[in-house]
Amino acid sequence: MKISGKTKVLGIIGRPVEHSLSPVMHNASIAELGLDYAYVPFHVEAEDLGTAVNGLRALGVKGFNVTIPHKTAVMPFLDKISPEAELSGAVNTVSRENNRLVGYNTDGTGLLKSLREDLNFNPAGASVLLMGAGGAARGALAALCTAGVSRVIIANRTETRGRELMESFMGKFNTVKFGISSIEPAELEAGLKSVDLLLNTTSVGMNGSAFAGINLAGMCHGAVIYDMVYSPPETPLLAAAASIGIPCANGIGMLAAQGEAAFSIWTGLEPPPGFMRKCLMNELQGQLSS
Ligand code: NAP
């Protein structure tokens with residue numbers, strides 16, 4: 001990569017940001033397409049968020065990703081918010097357009113693309129058990145409801161948070177039936193019997209952590225499981241699904257697809273199909289073996 005006076009800057013803001021895989025896949029895509037861009041990580045504390053965004057604005061940065069914990073907090077500092085980001089209540093991609101900072105959310109489209117490509121899952125008319133009620137759950141719910149699911153049960157450890165998420169979507173999607181569950185195994189297993197998709201949006205599964213004793217055997221024939229966690233590549237939930245033949249996928253496809261969408265917003269170009277995913281898998285493989 002040759003940095004010159006014309007090089008356009010892209011980046012990511014978060015805290016922590018050191019672990020982010022985005023610089024690897026974006027810089028590799030920039031090199032693959034021979035573009036004059038560079039993508040850099042910026043560690044930004046919560047109290048510095050406004051100053052940081054205004055600094056990026058003043059420096060003429062072309063675009064940046066936003067990760068934990070700034071996805072919602074960044075919104076007031078932007079000039080325009082896209083409809084899907086507004087619905088999600090979160091921005092993960094900012095693009096400088098005609099000197100205005102525009103916020104997008106590519107997590108939702110990334111999830112839908114990965115569900116389609118990795119599990120051949122079509123959300124239209126489907127019934128979903130959504131585990132979690134944090135930022136990732138909100139983005140997923142916005143994308144799934146927009147894509148026409150018919151029913152969503154939200155299961156969250158803190159039930160009030162699950163209920164709040166449900167209530168914030170109920171008025172917006174009259175055709176979707178909503179319900180609430182605890183994460184107690186017996187109640188979850190009862191809910192699982194009637195869904196087409198079990199979607200884990202919680203951080204459970206990272207570093208091998210697991211939900212207590214959920215038996216997946218009662219899921220319908222044809223139902224699938226998606227875990228947004230991608231490290232380790234096979235979480236205990238995915239291992240349990242695979243052991244009884246339930247089609248399942250981790251969140252690597254979503255991570256790659258949200259990156260492809262952001263790259264395309266900034267550059268107008270797309271990385272070669274599968275390129276970002278391959279970069280991520282190589283990087284994760286390297287981390288696991290080091
Ligand atoms: P968040 O806003 O902090 O929400 C965390 C969620 O996990 C909450 O619902 C929380 O429940 C639940 N949770 C945490 N620890 C738990 C435990 N021990 N038992 C049961 N539930 C627990 O985080 P987020 O932004 O939504 O991210 C969640 C996960 O999604 C992370 O692992 C993140 O890496 C992943 N993610 C992946 C992608 C991708 O591209 N693949 C994109 C976005 C996020 P409470 O409400 O009870 O605290």
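Which is more than 23 Å from Cys279 (Cα to Cα), touching a His at 6+ places or on another chain (Cβ under 6 Å) and either of a type in the set (Phe, Trp, Tyr) or open to solvent by less than 30 Å² (accessible area, probe 1.4 Å) (or both), of Leu78, Leu49?
Leu49
Would you check if Ser20 is without any contact (Cβ under 8 Å) to a residue 24 or more places away in the chain, hydroxyl-bearing (Ser, Thr, Tyr) and under 21 Å from Gly108 (Cα atoms)?
So Ser20 fails the test.
Among the residues of region 196-209, how many are within 11 Å of the ligand (Cβ to nearest atom), open to solvent by less than 60 Å² (accessible area, probe 1.4 Å) and either in a loop (DSSP other than H, G, I, E, B) or β-branched (Val, Ile, Thr) (or both)?
4
Filter region 85-103 for residues that are small (Gly, Ala, Ser) and touching a residue at least 24 places away in the same chain (Cβ under 8 Å) and give the result.
Passing the criteria: Ser88, Gly89, Ala90, Ser95, Gly103.
Let me spell it out: the conditions are (1) surrounded by fewer than 20 Cβ atoms within 10 Å (Cβ to Cβ); (2) in a helix (DSSP H, G or I), and Met1 meets all of them except one. Which number is the exception?
(2)
Under 9 Å between Cβ atoms, at least 6 apart or on separate chains: pull out the pairs that start in region 40-66 with a residue that is at pLDDT below 95 and end on any residue that is part of a strand (DSSP E or B) and open to solvent by 40 Å² or more (accessible area, probe 1.4 Å).
Once the first residue is at pLDDT below 95 and sits in region 40-66, no partner that is part of a strand (DSSP E or B) and open to solvent by 40 Å² or more (accessible area, probe 1.4 Å) comes close enough.
Please go through (1) open to solvent by less than 60 Å² (accessible area, probe 1.4 Å); (2) farther than 26 Å from Met25 by Cα for Val61 and return the number of the only condition it doesn't satisfy.
(2)
Among the small types (Gly, Ala, Ser) and surrounded by fewer than 24 Cβ atoms within 10 Å (Cβ to Cβ): is that true of Ser150 in this structure?
So Ser150 fits the description; yes.
Can you work out which of the residues in region 168-195 that are closer than 22 Å to Glu234 by Cβ and surrounded by 19 or more Cβ atoms within 10 Å (Cβ to Cβ) is nearest to the ligand (Cβ to nearest atom)?
Only one residue fits best here, namely Ile183.
Scan region 233-281 for residues that are touching a residue at least 60 places away in the same chain (Cβ under 8 Å), within 28 Å of Ser95 (Cβ to Cβ) and either open to solvent by 40 Å² or more (accessible area, probe 1.4 Å) or basic (Lys, Arg) (or both) and jot them down.
The answer is Ile265, Leu269, Pro272.
May I ask you to list the residues in region 109-127 that are more than 10 Å from the ligand (Cβ to nearest atom) and crowded, with 24+ Cβ neighbours inside 10 Å?
Once the filter is applied, which keeps residues that are more than 10 Å from the ligand (Cβ to nearest atom) and crowded, with 24+ Cβ neighbours inside 10 Å, region 109-127 yields only Leu115.
Can you work out which of the residues in region 211-232 that are in a loop (DSSP other than H, G, I, E, B) and within 18 Å of Ala136 (Cβ to Cβ) is least open to solvent (accessible area, probe 1.4 Å)?
If we take residues in region 211-232 being in a loop (DSSP other than H, G, I, E, B) and within 18 Å of Ala136 (Cβ to Cβ), then Val229 is least open to solvent (accessible area, probe 1.4 Å).
Against the definition (small (Gly, Ala, Ser), more than 25 Å from Val66 (Cβ to Cβ) and away from the ligand (no atom under 11 Å from the Cβ)), how does Ala142 come out, yes or no?
No.
With respect to Glu164, is the statement that it is within 14 Å of the ligand (Cβ to nearest atom), out of contact with any helix residue (DSSP H, G or I) (no Cβ under 9 Å at 6 or more places or on another chain), more than 22 Å from Leu255 (Cβ to Cβ) and without any contact (Cβ under 8 Å) to a residue 60 or more places away in the chain true?
So Glu164 passes the test.
The values are calculated or read from the model by the stated rules, or taken from the named source; none is laboratory data. Everything quoted here is computed from the prediction, not taken from an experiment. Glycine also receives a Cβ, built like all others from the backbone with ideal geometry; neighbour counts cover every protein chain displayed. What goes into the accessible areas is simple: the full protein's heavy atoms, side chains included, and nothing from ligands, DNA or RNA. Shrake-Rupley method; radii C 1.70, N 1.55, O 1.52, S 1.80 Å.
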